[in-house]
Amino acid sequence: MKIDLNKIIGRENMSFILIEMNKNGKKRYASDIAKELSKSSSNVLRLIRKLIKMDLIKKAKEGRRVIITLTEKGKKVTEKLSELKEILEKE
C-alpha cells in the first residue's frame with residue numbers, strides 16, 4: 001500500500017516545495033512552484049514566508065520574480081523527507 005508522505009506530515013504544499021527544490025538543487029521561482037502546485041502566487045508566497053521563518057528556504061528578488069533556494073538546514077530536512085518518501089513508496 002502506497003502511503004502519501006504529505007498526508008503524514010500534514011503540510012502538503014510545504015513538503016512538496018521542499019522535495020521539489022531538492023530534486024535539482026537549482027534556484028526556483030515562486031511563480032513556477034505556484035504553477036506546479038496549481039495554486040495562486042499569493043498562496044505560494046504565504047507558504048514561502050512560513051518556510052523562511054522556519055529557516056528552511058531563503059528568497060531573493062530577480063527583477064519582479066522571487067527566487068527561492070534551500071538553506072543548509074532546509075537541505076538537511078529535505079534529505080530526510082526524501083529518504084522517508086522513498087521508504088514509504090517501497091511499501
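The values are calculated or read from the model by the stated rules, or taken from the named source; none is laboratory data. Note that the structure is predicted; figures quoted are calculated from it, not measured. Glycine gets a Cβ as well: all are built from the backbone with ideal geometry, and neighbour counts include every protein chain shown.
Brief remarks on what is shown
- Here Ile57 meets each of (1) surrounded by 14 or more Cβ atoms within 10 Å (Cβ to Cβ); (2) among the aliphatic types (A, V, I, L, M); (3) free of Cβ contacts under 8 Å to residues at least 40 places away in the same chain with one exception, condition (3).
- Residues in the range 60-91 that are in contact (Cβ under 8 Å) with a residue 60 or more places away in the chain and under 15 Å from Ile19 (Cβ atoms) were compared, and the one that is surrounded by the most Cβ atoms within 10 Å (Cβ to Cβ) is Thr78.
- Residue in the range 63-71 that is at pLDDT below 85 and part of a strand (DSSP E or B) present: yes
- Note on the range 13-31: residues that are part of a helix (DSSP H, G or I) and touching a Lys or Arg at 6+ places or on another chain (Cβ under 9 Å) amount to 10.
- Just one of the numbered conditions (1) surrounded by 11 or more Cβ atoms within 10 Å (Cβ to Cβ); (2) in a helix (DSSP H, G or I); (3) of a type outside the set (Lys, Arg); (4) without any contact (Cβ under 8 Å) to a residue 24 or more places away in the chain is not true of Ser42: (1).
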